[in-house]
Amino acid sequence: MKYVMRFGKKGKLSPRYVGPYQILKCVGKVAYELDLPNELAPVHLVFHVSMLKKCIGDLASIIPLEGLGVDESLSYEEIPVEILDGQVKMLRNEEIAFVKVLWRNHLVEGAT
């Protein structure tokens, strides 16, 4: 597709939505002007309502970017803090160890 700005990865793995961004004003009945950052300067500021998605944020799940150490590719390093649980699962011929890890930038509910 010509003149399509991709965010991150190409093709199927590219994110469907980027944001959230604040709505500055309503332009007409079905168009809204957004407050976009400087990285998105080539993108037009006015969007049709069908291109927007309602964002209902949970304030408890928002992690500030200042303490994360996010680099220019918007990624960060996961650092384990504590092992919460462990178990061994038996398959036919082998044993697989499972551990539940609490990561540095996640809540206890987000442990994997």
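The values are calculated or read from the model by the stated rules, or taken from the named source; none is laboratory data. Just so it is clear, the model here is predicted, and its values are computed rather than measured.
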Exercise for the section: Just one of (1) more than 14 Å from the chain's Cα centre (by Cα); (2) modelled with pLDDT under 85; (3) not assigned by TED's automatic domain parsing to the domain that holds Glu109 trips up His48, so point out which. Expected result: (2)
Handout entry: Only one of Glu94, Glu66, Glu78, Glu82 that is acidic (Asp, Glu) and modelled with pLDDT under 75
Key = Glu66
